[in-house]
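Visitor: Structure incoming, see below.
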Amino acid sequence: MPLFILIGTDGPAARERRPAVRPAHLAHWQPLDQRGRVRFGGPLLDTGGSPCGSVLVFEADDLAAATAHAERDPYVTDGVFATFDLHETRNVFPSH
C-alpha cells in the first residue's frame with residue numbers, strides 16, 4: 001500500500017487553537033491508526049520545545065484518498081495549520 005507523509009505548519013492562531021482542536025484531530029486519525037495504517041504521528045517542535053506543526057506518515061490507497069483524508073483533518077479545517085504538504089514516499093530505513 002502506498003505510503004504518504006503529511007507535514008502541517010502551524011499558523012499564527014495555532015497556539016490558541018491547538019488545545020481545543022487536538023481531540024478532534026486525534027479522533028480523525030484514530031480509525032487509520034486502529035487499522036495499522038499510521039506509521040508515525042507527532043508534533044514538530046520549535047527550538048523551545050513547543051509545537052509548531054505536525055508530521056504524520058500513513059498508508060492510503062492512493063494520492064486522492066490521502067489528500068481527502070488530510071484535507072478533512074480538523075487541524076486543517078479549523079485553522080491550526082496555515083499550510084500542509086502531502087507527498088508519497090517509500091520506506092528505505094530501517095532496512096529490516
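The values are calculated or read from the model by the stated rules, or taken from the named source; none is laboratory data. Here the structure is a predicted model, which means the values were calculated and not measured. Every residue, glycine as well, gets a Cβ built from its backbone with ideal geometry; the counts of neighbours run over all protein chains shown.
Visitor: Examine the stretch 41-62 for a residue that is exposed (fewer than 15 other Cβ atoms within 10 Å of the Cβ), in contact with a helix residue (DSSP H, G or I) (Cβ under 9 Å, 6 or more places away or on another chain) and not in a loop (DSSP other than H, G, I, E, B), and state whether such a residue exists.
Guide: For the stretch 41-62, residues exposed (fewer than 15 other Cβ atoms within 10 Å of the Cβ), in contact with a helix residue (DSSP H, G or I) (Cβ under 9 Å, 6 or more places away or on another chain) and not in a loop (DSSP other than H, G, I, E, B): absent.
Visitor: Residues ARG90, ARG37, ARG72, ARG18: which one is of a type in the set (Lys, Arg) and touching a Leu at 6+ places or on another chain (Cβ under 9 Å)? Steps first, please.
Guide: On the way: ARG37 fails: touching a Leu at 6+ places or on another chain (Cβ under 9 Å); ARG72 fails: touching a Leu at 6+ places or on another chain (Cβ under 9 Å); ARG18 fails: touching a Leu at 6+ places or on another chain (Cβ under 9 Å).
Just one listed residue meets the conditions, ARG90.
Visitor: Follow-up. Would you say THR67 is part of a strand (DSSP E or B), of a type in the set (S, T, N, Q) and surrounded by fewer than 16 Cβ atoms within 10 Å (Cβ to Cβ)? Walk me through how you get there before you give the answer.
Guide: Working: part of a strand (DSSP E or B): no; of a type in the set (S, T, N, Q): yes; surrounded by fewer than 16 Cβ atoms within 10 Å (Cβ to Cβ): yes.
So THR67 does not fit the description; no.
Visitor: Conditions: (1) without any contact (Cβ under 8 Å) to a residue 12 or more places away in the chain; (2) over 20 Å from ASP33 (Cα atoms). ASP78 meets all but one. Number of the miss?
Guide: (1)
Visitor: Those residues that are more than 10 Å from the chain's Cα centre (by Cα) and among the aliphatic types (A, V, I, L, M), I need them from the stretch 45-96; list them, please.
Guide: LEU45, ALA60, LEU63, ALA64, ALA65, ALA66, ALA68, VAL80, ALA82, VAL92
Visitor: OK, next. If you check LEU32 against the conditions, is it surrounded by 14 or more Cβ atoms within 10 Å (Cβ to Cβ) and part of a strand (DSSP E or B)?
Guide: Working: surrounded by 14 or more Cβ atoms within 10 Å (Cβ to Cβ): yes; part of a strand (DSSP E or B): no.
For LEU32, the condition - surrounded by 14 or more Cβ atoms within 10 Å (Cβ to Cβ) and part of a strand (DSSP E or B) - is not met.
Visitor: May I pose another question? ARG37 - would you say it is charged (D, E, K, R), touching a strand residue (DSSP E or B) at 6+ places or on another chain (Cβ under 9 Å), surrounded by 11 or more Cβ atoms within 10 Å (Cβ to Cβ) and modelled with pLDDT under 95? Outline the logic, then answer.
Guide: Details: charged (D, E, K, R): yes; touching a strand residue (DSSP E or B) at 6+ places or on another chain (Cβ under 9 Å): yes; surrounded by 11 or more Cβ atoms within 10 Å (Cβ to Cβ): yes; modelled with pLDDT under 95: no.
Taking the combined requirement at face value, the residue does not satisfy it.
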